[in-house]
Structures are given as C-alpha cells and as structure tokens.
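Peer 1: Attaching a single structure in structure tokens format; questions to follow.
Every read-out reported here was derived from the displayed coordinates using simple, explicitly stated rules and does not represent laboratory data. Note that the structure is predicted; figures quoted are calculated from it, not measured. Ideal geometry is used to build each Cβ from the backbone, glycine not excepted, and the neighbour counts take in all protein chains shown.
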Amino acid sequence: QLEPRRLIPALMRYSSPEGGGSDVGRREAIRYLEHAIHALAPQDESIHNLLLALHANGDDEMALLRFVQEDMDLTGEPAYDLKYALRLCLQAGKHRVCVHLYTTLGMYEEAVSLALQVDLTLAKVVADKPEEDDT
C-alpha cells in the first residue's frame, strides 16, 4: 500500500509547472490525494495542505471552497493549517474562500471587508455571523 506522505515530493514535482508538471499532472495529483484522504484517512496535515495548495493553484474556486468547508479531522477541526490556507488563497486571489477562512478564524471585520469586494449578499451573510455566534 502506498503511503501518501512519502509521495509528496513526486506529487509536488509532477503537479507544478516549475517541476516540469502540467495541468493534467495537477489534476491527477488532486484526484489521488482526494482518494487518499477519503479511503486511507491520513491524519498528516501536510497531505491536506498539499491538496489545498493544488486546489488553490487551480481555476475551480468552488472546488477549493468545498474542500476548505469539508476537510475536517476527527475532532471536527480543519485538517489543514488555516493560516497557511488563508495565505495561499490571498495570493491566488480566491476571495470567496478567504472570506470563509477569515470567518472560521473569527476575523469577522476582515471577512466583511473582503466580502464587500466580492458580493454584497455574501457580505450581509458574513456581517450577521457574529450575532449568530453570540446566541
């Protein structure tokens, strides 16, 4: 059985343009890591962070948003590093995902500020979050 952690260097090389990889390589790396996370349930944060990075470098922001919303560990906490995710998403311009991450981190002012640049309806929803959390 393959250990996903031991494949990280190869997955990074074949999924990044700098390493001679292609978009097809990135998609296949995503496919493998998603399978590994669901079938093998690795608890290693680096695997989740790599999958996050691959999604962040792609074009499908909704797939990235689904990933950050659903990728939880056994305790219900995100299985990836939240601050790392936020940095990656800010660099990649994935603003909707950043709004979600800011909210998860309890940084509501930043979330609302960014949401105003993305979508007024989203900003209204985020602005109501702190009130919902107080109840």
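Peer 1: Over region 1-110, what is the relative contact order in whole percent, taking alpha-carbon pairs under 8 Å and six or more residues apart?
Peer 2: Values: 104 pairs, mean separation 20.7, N = 110.
Relative contact order for region 1-110 comes out at 19 percent.
Peer 1: If you don't mind, another one. Could you work out how much longer the chain between S22 and T104 gets when fully extended? Use 0.36 nm per residue separation minus the Cα distance between them, nm to one decimal.
Peer 2: Values: separation 82, 0.36 × 82 = 29.52 nm, distance 3.23 nm.
That works out to 26.3 nm of additional length.
Peer 1: Moving on. Can you compute the FRET efficiency between L74 and R5 using 1/(1 + (r/R0)^6), with r the Cβ-Cβ distance and R0 = 25 Å? Round to the nearest 0.05.
Peer 2: So the FRET efficiency works out to roughly 0.90.
Peer 1: Find out how many positive minus negative residues lie around A85, taking Lys and Arg as positive, Asp and Glu as negative, among other residues whose Cβ is under 15 Å from that of A85.
Peer 2: Details: positive: R66, K83, R87, K94, R96; negative: E45, E61, E70, D71, D73, E77, D81, E110.
Summing Lys and Arg as +1 and Asp and Glu as -1 gives -3.
Peer 1: May I ask you to sort H35, H100 by Cβ crowding, counting other Cβ atoms within 10 Å and putting the fewest first? Write out the running numbers ahead of the final one.
Peer 2: On the way: H35 11, H100 22.
Lowest to highest Cβ neighbour count: H35, H100.
Peer 1: Between L82 and E34, what length comes free when the chain is fully extended (0.36 nm per residue of separation minus the Cα-Cα distance, one decimal in nm)? Write out the running numbers ahead of the final one.
Peer 2: Numbers: separation 48, 0.36 × 48 = 17.28 nm, distance 1.84 nm.
Full extension from L82 to E34 adds 15.4 nm.
Peer 1: Another one. Order the peptides 80-89, 113-122 from the highest to the lowest mean number of other Cβ atoms within 10 Å of their residues.
Peer 2: Values: 80-89: 18.7, 113-122: 15.1.
Highest mean packing first, the order is 80-89, 113-122.
Peer 1: Suppose the chain between A63 and V125 were pulled fully straight at 0.36 nm per residue; how much longer would it get relative to their current alpha carbon spacing?
Peer 2: Numbers: separation 62, 0.36 × 62 = 22.32 nm, distance 2.06 nm.
Gain on stretching A63 to V125: 20.3 nm.
Peer 1: If a paramagnetic tag sat 7 Å from the Cα of M12 along the Cα-Cβ line, which residues of region 87-129 would have the backbone N under 20 Å from that point?
Peer 2: What the label zone holds, given the 20 Å backbone N cut-off, is 87-92.
Peer 1: Where does the chain land on Rg/Rh, using Cα atoms and the Kirkwood Rh?
Peer 2: Working: Rg = 15.9 Å, Rh = 15.7 Å.
Ratio of gyration radius to Kirkwood radius for the chain: 1.01.
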